Amino acid sequence: MDTPHNVSLTNPNKLKRRGLLFVLSSPSGAGKSTIAQMLLKSDPEMKLSVSYTTRAPRRGEVDGKHYHFTDEATFRQMIEDDAFMEWAVVFDNYYGTPKAQVRAGLKEGEDYLFDIDWQGTQQLYQRNETDVVRVFILPPSMEELDARLRKRATDSEEVIEARMARSKAEISHWDGYDYVVINDDVDRCFNRVREILHAERVRRSRQTGLVDFVRDLMT
């Protein structure tokens, strides 16, 4: 039997829809990476957008899973080739999101999670406005943010001070996001972010199968 054209090919029980680009941003230490991992574990429909970067791998990071690790010359050539949806320089390292695979996936209803800063978010939104959902995560206080950075025990005092200085610049862009969530409790923050995701998935403009579905109901 042929699948109706208003139904998803990957899940016949769901109406066909266009995927979305779900962005999580926050100052370093505010919790976006933790929330991102919680989303990926709890939602099989969500895929992580794996960025390219010129920074060295950290302990436990796997090439192709956490990042595509590359050198600066290769990264610059990819910029010239217009291979990125967005890219930015953070702490002297380049980060960028590959374009081709993500755009193809959107048409098939695939959702992509982006753990990026405000620079990358701005570029992504300028090029893919209707597909982007922007969520900014705030710390409950700057004192708590400093404590979280120190608790990670992965950075030197100099790096921590630089991250704290950069945090204020990051936070100043909070009003460029669609949603803002305070991470005063990680489980509560996660539930709020998940509610945002669910609501955006059923937005009328994204459900491309609705017109035909409703037409069938009325005939």
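Being modelled with pLDDT of 95 or more and in a helix (DSSP H, G or I) is a property that Gln126 lacks.
Against the definition (more than 30 Å from Asp216 (Cα to Cα), exposed (fewer than 13 other Cβ atoms within 10 Å of the Cβ) and either modelled with pLDDT under 90 or acidic (Asp, Glu) (or both)), how does Asp2 come out, yes or no? It is false that Asp2 is more than 30 Å from Asp216 (Cα to Cα), exposed (fewer than 13 other Cβ atoms within 10 Å of the Cβ) and either modelled with pLDDT under 90 or acidic (Asp, Glu) (or both).
For region 33-68, a residue qualifies if it is within 18 Å of Phe91 (Cα to Cα) and buried (at least 17 other Cβ atoms within 10 Å of the Cβ), and the qualifying residues are Ser51, Tyr52, Thr53, Thr54, Tyr67.
Report yes if some residue within region 126-134 is surrounded by fewer than 16 Cβ atoms within 10 Å (Cβ to Cβ) and either in contact with an Asp or Glu (Cβ under 7 Å, 6 or more places away or on another chain) or under 26 Å from Arg76 (Cβ atoms) (or both); otherwise report no. Give the derivation first.
Looking only at region 126-134, we keep the residues that are surrounded by fewer than 16 Cβ atoms within 10 Å (Cβ to Cβ), and these are 126-127, 129-130.
From what is left, the residues that are either in contact with an Asp or Glu (Cβ under 7 Å, 6 or more places away or on another chain) or under 26 Å from Arg76 (Cβ atoms) (or both) are 126-127.
Yes: one or more hits.
When restricted to residues that are touching a residue at least 40 places away in the same chain (Cβ under 8 Å), farther than 24 Å from Phe22 by Cα and part of a loop (DSSP other than H, G, I, E, B), region 146-173 contains 1. The set of residues from region 174-187 being modelled with pLDDT of 95 or more and part of a loop (DSSP other than H, G, I, E, B) comprises Tyr177, Asp178.
Kindly indicate whether any position in region 72-95 is surrounded by 15 or more Cβ atoms within 10 Å (Cβ to Cβ), closer than 15 Å to Glu170 by Cα and touching a Phe, Trp or Tyr at 6+ places or on another chain (Cβ under 8 Å).
Taking region 72-95 and keeping what is surrounded by 15 or more Cβ atoms within 10 Å (Cβ to Cβ), we get 75, 78, 83-88, 90, 94-95.
Remaining after also requiring closer than 15 Å to Glu170 by Cα: 88, 90.
Still in the running and touching a Phe, Trp or Tyr at 6+ places or on another chain (Cβ under 8 Å): 88.
Yes, the conditions are met somewhere in region 72-95.
Restricting Ile171, Ile137, Ile116 to those that are in contact with a Cys (Cβ under 9 Å, 6 or more places away or on another chain), closer than 21 Å to Ala36 by Cα and either crowded, with 18+ Cβ neighbours inside 10 Å or modelled with pLDDT of 85 or more (or both) reduces the list to Ile137.
From the list Thr208, Thr219, pick out the single residue that is assigned to a loop (DSSP other than H, G, I, E, B), exposed (fewer than 13 other Cβ atoms within 10 Å of the Cβ) and either out of contact with any Phe, Trp or Tyr (no Cβ under 9 Å at 6 or more places or on another chain) or of a type in the set (A, V, I, L, M) (or both). Quick ask: steps written out before the conclusion?
Numbers: Thr208 fails: exposed (fewer than 13 other Cβ atoms within 10 Å of the Cβ).
Of the residues listed, the single one that is assigned to a loop (DSSP other than H, G, I, E, B), exposed (fewer than 13 other Cβ atoms within 10 Å of the Cβ) and either out of contact with any Phe, Trp or Tyr (no Cβ under 9 Å at 6 or more places or on another chain) or of a type in the set (A, V, I, L, M) (or both) is Thr219.
The values are calculated or read from the model by the stated rules, or taken from the named source; none is laboratory data. As the structure is a computational prediction, the values presented were derived from the model and not from experiment. Using ideal geometry, Cβ is built from the backbone for each residue, glycine included, and neighbour counts are taken over all protein chains shown.
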